[in-house]
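Here, each number is a calculation from the coordinates, and none is a lab measurement. Keep in mind the model is a prediction, meaning the values are calculated, not measured. Note that each Cβ is placed from the backbone with ideal geometry, even for glycine, and that neighbours are counted across all protein chains shown.
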Amino acid sequence: MSQSPRHYSMYDKPMWDSIQEGAMKLQRCPESGVFRYPPGPACPASLSLDYEWVPVSGKGKIISWTVFHRQYLPAYPAPHLVVAVQLEEGPIMVSYMDAGHAGRIALDMSVTMEYATHPDGYKIPKFRLS
Amino acid sequence: MQDKSDTIDKGTSNISGIVGVGHTDWVQDYKRVRNGEKPFDSYGYATLAFNRALLDAGISRDEVDGLIVGPTTAYERMGEILNIDPRWGGQADAVQAVFQAVMAIKSGFAEVVALVYGNDQRSAAIQYGGPEAMGGGSFLSYVYHSPWGLTSQGALYALMFQRYKSMWGLTDRDLGEVSVGQRQWAALNPNAIMRKPLTLDDYLAANYIAEPLRLNDYCLINDGGVALIIMEASRAKRCKQKPVMIRGLGRSDLNHHATSLGPRLMDFYRPAQMNTAEQVYQAAGVGPEDIDALLVYDSFSPHIFFALEGFGFCEEGGAAKFIADKGIGVGGQMPVNTSGGHLSESYMQGWNHQIEAVRQLRGGLGDRQVSDCRHVQYVSDVAGKAMSIIYGN
């Protein structure tokens, strides 16, 4: 059993479990069809407490990015490229890309999710240019 | 659509004013802490500021019947140390503390409210980044993304400004104008920690931290305290100090998609700022063209761009041109953060901006004085809570 990042609610565990299996899932509201992120108890559109875990396509586009020029965490030496990606399903997700992309990315570029192993031992979704 | 003239216009305008301000010795304490000393803890800084605010107001502690403490000190312990048993109390950040004081006065729960803030953030090495930042989880957006390496509030503003910069074709120099302008004000302010002149070349020579933000786009981290005395208007008129009146308040929050950064990245908080602008200007009976000095919560320099646009000082995407054409520093047509703000004066989490509003409206600041200063506006957008106060004399 690999380690897991901190869970901020009981709804984080199924998401991280799906990531460990290499197929990230998010909750979708059966009533409104709206995907939500981060995971949580209710749909922000319908307030329905029902949900189903649905795999995401892994496709998205770049909303913004920042390059860390200082190392803050042992896992991520500088330079470290953090990206905000809007998933095809709607939610915006913060993730990262290999720092070599830094000079080449622009708003709205298409990206694809892949999985890396965090030094703490768990899988984590990251992105590459499509 | 509700009729705002009944619900907002007359509600809290001109019913209270600031009659006393006090703060600690930011410059001296910054040097002492860097030398390894610890002058006070948060409660000590708050108490020193409170003593000075009482003196400034010319009132005694016994007159205080309301107490609001900042987020960094426990309410009960702060009240115990100040030995105040009020008939109304609370805990809040700077802008919410002013709102709460006005509401308490409006409702008759208190007439003389002391607002006290102390923070030993530098000597105590408080972490504003990392997975446990700010206690972890009270603002989920500050901590949720740390598995991917997004660790700090500065990085959230870096993401925000990178998108804005790409959308409107700005350069690093455009952003640098904020730090340079605020440092011009700080150079004239004996209370400012960073007074050495900063040129655009100096700004550009500093390294990126979270690109596109450089060292001087970040606020200081320093120890200190601030206290304000807010008094019911008719009583304030009999006070030693001519009160600086609270002319109008406005607030609008964006909580939707806060953790996944939607309102921040897609809208730059503009819808909330526009709502707040409508409220605060209507309440005060003025518009952006009447504002003589604009004080913006500036944990990071991009705040100034979003405030100028969100509150109607310029059009959407026009802040860089506005700053270049009008000027926000000394000699500029729209003075912004005339104390140097969080970037150059002191990082008192919005509390020092309230003191600066009072000082500009009292007048007599010499080279730093905004001429014919009649209205000062404070604006903050911390974590999607767009709030504003208009002060007048």
**Asked** Each label point is 7 Å from the Cα along the Cα-to-Cβ direction; what then is the distance between the points at A:LEU129 and B:SER107, in nm?
**Response** 5.7
**GluC sites (Glu not before Pro) within the range B:295-393, DSSP loop, no more than 16 other Cβ atoms inside 10 Å** = B:GLU315, B:GLU316
**Fill in**
Placing +1 on each Lys and Arg Cβ and -1 on each Asp and Glu Cβ in the protein assembly as shown, then taking the dipole about the Cα centre, the residue among A:PRO79, B:LEU261, A:TYR37 whose Cα reaches farthest towards the positive end is A:PRO79
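Arrange the following residues from fewest to most other Cβ atoms within 10 Å of their Cβ: B:VAL376, B:VAL358. Walk me through the intermediate numbers first.
Details: B:VAL376 28, B:VAL358 21.
Arranged by neighbour count, lowest to highest, B:VAL376, B:VAL358 become B:VAL358, B:VAL376.
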**Message:** Over chain B, what is the relative contact order in percent, taking alpha-carbon pairs closer than 8 angstrom and at least six residues apart?
**Reply:** 23
**Request:** List the residues of the range A:46-83 whose backbone N lies under 15 Å from a point placed 7 Å from the Cα of B:LEU215 along the Cα-to-Cβ direction.
**Result:** A:69-70
**Asked** Once Rh for the protein assembly as shown is found with the Kirkwood sum over Cα pairs, what is the Stokes-Einstein diffusion coefficient at 37 °C and 0.692 mPa s, in µm²/s?
**Response** 136
**Request:** Choose one of B:ASN191, B:GLN282, B:SER179: the residue whose Cα lies farthest towards the positive end of the charge dipole of chain B (beta-carbon charges +1 Lys, Arg; -1 Asp, Glu; about the Cα centre).
**Result:** B:ASN191
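Considering all alpha-carbon pairs of the range B:283-385, what whole percent are spaced by more than 23 angstrom?
Numbers: 1049 of 5253 pairs.
Everything past 23 Å amounts to 20 percent.
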**Item:** Efficiency of FRET between A:LYS13 and B:LEU365 - r from beta-carbon atoms, R0 51 angstrom, step 0.05
**Value:** 0.35
**Request:** Determine the relative contact order of chain A: mean sequence separation of Cα pairs under 8 Å and six or more apart, normalised by residue count, in whole percent.
**Result:** 22
**Request:** Could you work out how far apart the two model spin labels at A:GLN20 and B:THR171 are, taking each label as a point 7 Å from the Cα in the direction of the beta carbon, and quote it in nm?
**Result:** 5.2
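Please sort by residue number the trypsin sites (Lys or Arg not before Pro) in the range A:29-116 whose DSSP state is loop and whose Cβ has at most 11 other Cβ atoms within 10 Å.
On the way: sites: A:ARG36, A:LYS59, A:LYS61, A:ARG70, A:ARG104; in loops: A:ARG70, A:ARG104.
Those that pass, being in a loop and sparsely packed, are A:ARG104.
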**Distance in nm between pseudo-label sites at B:ASN255 and B:SER138 (7 Å out along the Cβ direction from Cα)** = 1.6
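For chain B, what number results from the quotient of the Cα radius of gyration and 2.2 N^0.38 Å?
Values: Rg = 19.7 Å, N = 393, 2.2 N^0.38 = 21.3 Å.
Against the compact-globule rule of thumb, the ratio is 0.93.
Counting helices only, and only those DSSP H runs with n ≥ 4, report the 222 nm mean residue ellipticity of the protein assembly as shown as the sum of -39,500 (n - 2.57) divided by its residues, in deg cm²/dmol to the nearest 500.
Using -39500 (n - 2.57) per qualifying helix, the result is -8500 deg cm²/dmol.
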**Prompt:** Which of B:SER380, B:CYS239, B:ALA94 sits closest to the plus end of the dipole of chain B, meaning its Cα is farthest towards the positive end, when Lys and Arg get +1 and Asp and Glu get -1 on the C-beta?
**Reply:** B:CYS239
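How large is the dipole of the protein assembly as shown about the Cα centre if only Lys and Arg carry +1 and Asp and Glu carry -1, each at its Cβ, rounded to the nearest 20 debye? Present the calculation step by step, with values, prior to reporting the outcome.
Details: 47 positive and 55 negative charges, 128 e Å.
Taking the Cα centre of the protein assembly as shown as origin, the dipole is about 620 debye.
Using only Cα atoms, figure out Rg for chain A and give it as a multiple of 2.2 N^0.38 Å. Intermediate values should be presented prior to the final figure.
Details: Rg = 15.2 Å, N = 130, 2.2 N^0.38 = 14.0 Å.
In units of the globular-protein estimate, chain A measures up at 1.09.
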**Item:** Residue mean of other protein chain beta carbons inside 10 Å, B:149-159
**Value:** 6
**Prompt:** Sorting B:MET103, A:MET10, A:MET24 on the 10 Å Cβ count, fewest up front, what's the list?
**Reply:** A:MET10, B:MET103, A:MET24
**Request:** Mind putting a number on the dipole of chain A about its Cα centre? Charges go on the C-beta only, +1 for Lys and Arg and -1 for Asp and Glu, and I need it in Debye to the nearest 20.
**Result:** 380
**Overall Cα dimensions of the range B:251-340, principal axis frame, Å, largest first** = 40, 28, 23
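Taking 8 Å as the Cα distance limit and 6 or more residues as the minimum spacing, I'd like the relative contact order of the range B:1-124 as a percentage. Numbers along the way, then the final one.
On the way: 174 pairs, mean separation 40.0, N = 124.
With pairs under 8 Å counted, the relative contact order is 32 percent.
Sorting B:ASP174, B:ASP223 on the 10 Å Cβ count, fewest up front, what's the list? Each step should come with its number before you reach the end.
On the way: B:ASP174 17, B:ASP223 28.
Placing the least packed residue first, the sequence is B:ASP174, B:ASP223.
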